[in-house]
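So the structure is just underneath, and the comments pick up after that.
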Amino acid sequence: MKHYAVFGHPVAHSLSPRIHAAFGREAGIAIDYQAIDADVGSFRARLSEFAVRGGAGANVTLPLKQEALALCADVTERARRAGAVNTLVRNGDDWHGDNTDGEGLVRDLTGRHGLDLRARRTLLIGAGGAARGVAPSLLDAGIGDLYIVNRTSSRADALADLLGQPGRVHPRHLADIGTLGEFELVVNATSAARGGAMPVLPRSLVGRRMAAVDLNYGEAATPFLAWGRASGAYAVVDGLGMLVEQAALSFARWHGARPETDEIYGELRAEHA
Ligand code: ATR
């Protein structure tokens with residue numbers, strides 16, 4: 001049996017082992033998929049041990065996605081553009097890196113939630129790993145102008161530079177959020193609700209048929225989704241569907257079969273209302 005795992009810190013509550021077990025059952029593939037706790041300092045050593053034990057593929061979550069990019073012998077174009085890797089594929093003695101987060105988000109929004117992203121004036125709040133993972137795919141999905149706001153404006157500038165579309169991507173300081181006009185898609189990619197309080201978001205952001213999307217799920221998504229509902233957003237979406245879709249894309253990379261995602265999504269949704 002080939003071995004798979006998710007690496008992160010903390011990782012004990014990750015839903016990925018459960019999602020991949022469900023995919024494996026559905027595809028009739030026996031899968032060993034574990035959660036392995038590793039921080040930035042111990043990640044390379046843990047991954048090497050995993051490879052020695054027969055590790056064939058891995059997911060990488062917080063705070064290791066940039067470190068994962070650095071250790072790969074080669075990466076996909078979308079991982080390079082995101083500056084982050086969430087999926088590792090063993091290739092001989094090396095690791096090949098991919099990033100399925102952005103496509104997972106776009107599939108959830110357009111497929112499951114039926115949103116047409118094309119030409120939507122978009123605000124991305126945050127410029128850390130989560131924001132970097134999804135920004136290239138949002139651009140590829142045909143959104144309109146992309147404004148990136150961040151508390152530390154140099155990180156918004158760096159992400160905009162990496163995306164390389166200066167006519168379309170506009171970095172701004174979070175403090176200027178009230179001057180940016182209305183949006184049709186607002187994506188919360190901050191970890192603010194995990195560590196402190198969400199920044200105050202003005203009503204002036206709310207455009208007609210605005211979708212409010214949080215990349216987090218559970219308690220970490222509650223304040224932003226509450227803002228979306230109170231602001232009259234047309235659609236309010238948390239990160240649970242993205243989690244399931246990025247897992248399905250990773251599964252396809254490893255096993256060559258695209259799993260059906262609705263059943264496990266429904267099961268998890270019932271637990272994370
Ligand atoms: P992740 O991988 O979850 O994106 P990260 O790379 O540490 O984690 O990035 C966290 C993001 O949330 C950053 O954009 C961070 O802003 P800074 O770059 O200024 O640190 C943002 N963030 C975290 N706490 C925040 C808060 N209380 N208010 C506003 N932004 C916050």
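Quick notes
Conditions tested, residue by residue: (1) within 16 Å of the ligand (Cβ to nearest atom); (2) crowded, with 18+ Cβ neighbours inside 10 Å.
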| position | (1), (2) |
| --- | --- |
| I36 | no, yes |
| V40 | yes, no |
| N59 | yes, yes |
| L62 | yes, no |
| K65 | yes, yes |
| L71 | no, no |
| T76 | no, yes |
| A84 | yes, yes |
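- Looking only at residues in segment 166-176 that are without any contact (Cβ under 8 Å) to a residue 40 or more places away in the chain and under 24 Å from V106 (Cα atoms), the one that is nearest to the ligand (Cβ to nearest atom) is R172.
- Scanning segment 94-110 for residues that are touching a residue at least 40 places away in the same chain (Cβ under 8 Å) and either closer than 12 Å to R253 by Cβ or out of contact with any Cys (no Cβ under 6 Å at 6 or more places or on another chain) (or both) turns up D98, T100, D101, E103, G104, L105, R107, D108, L109.
- Where V89 falls short, out of the listed (1) over 27 Å from A38 (Cβ atoms); (2) more than 16 Å from the ligand (Cβ to nearest atom); (3) of a type in the set (A, V, I, L, M, F, W, C): (1)
- Test: residue in segment 199-206 that is under 19 Å from the mean Cα position of the chain (by Cα) and either farther than 22 Å from L117 by Cα or surrounded by fewer than 19 Cβ atoms within 10 Å (Cβ to Cβ) (or both): no
- Residue list for segment 16-42, restricted to those being hydroxyl-bearing (S, T, Y) and free of Cβ contacts under 8 Å to residues at least 12 places away in the same chain: S42
- A141 falls short on exactly one of the conditions (1) surrounded by fewer than 16 Cβ atoms within 10 Å (Cβ to Cβ); (2) more than 16 Å from the ligand (Cβ to nearest atom), and that condition is (1).
- Residue within segment 61-70 that is touching a His at 6+ places or on another chain (Cβ under 9 Å) and more than 30 Å from V236 (Cα to Cα) present: no
- Cβ-Cβ under 8 Å pairs, at least 6 apart or on other chains, segment 238-256 side farther than 19 Å from T190 by Cβ and in contact (Cβ under 8 Å) with a residue 24 or more places away in the chain, far side assigned to a helix (DSSP H, G or I) and of a type in the set (V, I, T): V244/I19; V244/I264; A247/I19
- Residue selected from segment 121-132 under the condition more than 8 Å from the ligand (Cβ to nearest atom) and of a type outside the set (S, T, Y), by the criterion nearest to G97 (Cα to Cα): L124
- Residue satisfying condition, being surrounded by 23 or more Cβ atoms within 10 Å (Cβ to Cβ), basic (K, R) and not assigned by TED's automatic domain parsing to the domain that holds I36, within set R107, R112, R132: R132
- Counting only helices (runs of 4 or more DSSP H) that sit wholly inside segment 75-148, those with at least 3 residues that are modelled with pLDDT of 95 or more and either more than 17 Å from Q246 (Cβ to Cβ) or out of contact with any strand residue (DSSP E or B) (no Cβ under 7 Å at 6 or more places or on another chain) (or both) are 101-107, 129-140.
- Filter pass, E49 being without any contact (Cβ under 8 Å) to a residue 60 or more places away in the chain and not in a strand (DSSP E or B): yes
The values are calculated or read from the model by the stated rules, or taken from the named source; none is laboratory data. Predicted model only: the values in this text are computed from it and were never measured. Using ideal geometry, Cβ is built from the backbone for each residue, glycine included, and neighbour counts are taken over all protein chains shown.
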